[in-house]
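Below: one structure, written as structure tokens.
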Amino acid sequence: MLLLLSVLWGGSFLYVKIALEELPPVTIVALRALFGGAFLFVILRLRGLTLSRDPALWKGFAVLALLNTVLPFILIAWGQREISAGLAAILNAATPLWTITLAHFLTDDERMDARRAAGVLIGFSGVVVLVGPEALAGIGSSVLAQLACVAATISYGFALVWARRFKGQDGTVLASGQFICAIPATMALSFAVDRPWTLPMPGTATMLSIFGLAFLSTAVAYLVYYRLMQRAGAGNASLVTMLIPPSAVLLGIAFLGERFEPLSVAGFALIAAGLAVVDGRVLGLFRR
């Protein structure tokens, strides 16, 4: 199930890259939110669940939508105009490192100890390896694209800290509420920035990519993720972060002809090593 989830979420970077050939980033995100939210709502009703009308809960969903969907999805899609799907996924793997760092400062019960601090430093060194050399040569479009993906991981980190308040909430309800709130925000941005009605009708490959993004990488992926959390626990489910980059890289090589640069290998190795140090159960889990 962990491998399935890594392919589902790793595939999102492939779908975005394909869709960018004909659609601008914000419109891609708006379509993902619209159709992904619709799929999740249908699944919600099929399970016999309903969404609460509590205004306080919907305010929480709105903040989660901003931090976990609107900002990071747009930043990653914008970044992928200049960088490969594989590199975007590798940079995205640093999300848990930001979450741990932010939780240390924003919560009272998730303080960083020496082991976690060492893991965070090792992991962030991987991000520096990936972004640093080009940055030293001068800020260019590729560097800005990589920094956009890094900013997306910071947003994800804030989102995971914010999501602590939804503890005990059904995963399908949480995902549905989040994407329903993301729909008006992303659609408004798309209308204001991209004027999608002026764009030519996208081709079959783009439409299939949007479907893959909305159904496979959003609706199905979230259902698998929350099922995995119930069976293996949140800590073990978070290990998918290490498996998404290899999946995205292999898909990029297979379908887009992308190359996996040696520097990317080194950067990902450091990020993965940092995550392994942070979560001491990693080696034990793979032994089992």
How much of the pair distance distribution for the range 10-77 lies past 15 Å, counting alpha-carbon pairs only, in percent? 63 percent
Report the net charge of residues surrounding A182, where surrounding means a beta-carbon distance below 15 angstrom and charges are Lys +1, Arg +1, Asp -1, Glu -1. +2
Within the chain: Cβ-based charge dipole about Cα centre, in debye rounded to nearest 20 (Lys, Arg +1; Asp, Glu -1): 800 debye
Report ³J(HN,Hα) in whole Hz for each residue of the range 142-150, in order, from the Karplus equation J = 6.51 cos²θ - 1.76 cosθ + 1.60 where θ = phi - 60°; Gly and Pro get x. 5, 5, 4, 5, 5, 5, 5, 5, 5
Work out the charge dipole of the range 2-287 with +1 on the Cβ of Lys and Arg and -1 on the Cβ of Asp and Glu about the Cα centre, then indicate which of S125, L2, L275 is farthest towards its positive end. L2
Report which label in (1) 15.7; (2) 33.3; (3) 14.1 holds the value of mean projected area of the Cα convex hull in nm² derived from the coordinates of this structure. (1)
Go ahead and estimate [θ] at 222 nm for the chain from helices alone: -39,500 (n - 2.57) per DSSP H run with n ≥ 4, summed, over the residue count, rounded to 500. -24000 deg cm²/dmol
Hey, rough spin-label estimate for T198 and F211, points 7 angstrom out along Cα→Cβ, what's it come to in nanometres? 3.0 nm
Linear extension gain, L256 paired with K59, 0.36 nm per residue minus alpha-carbon span: 66.9 nm
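All of the numbers you see were taken from the coordinates with simple rules; none came from a lab. Quantities reported herein were computed from a predicted structural model and do not represent experimental measurements. Because the Cβ atoms are built from the backbone with ideal geometry, glycine has one as well, and the counts that use them run over all protein chains shown.
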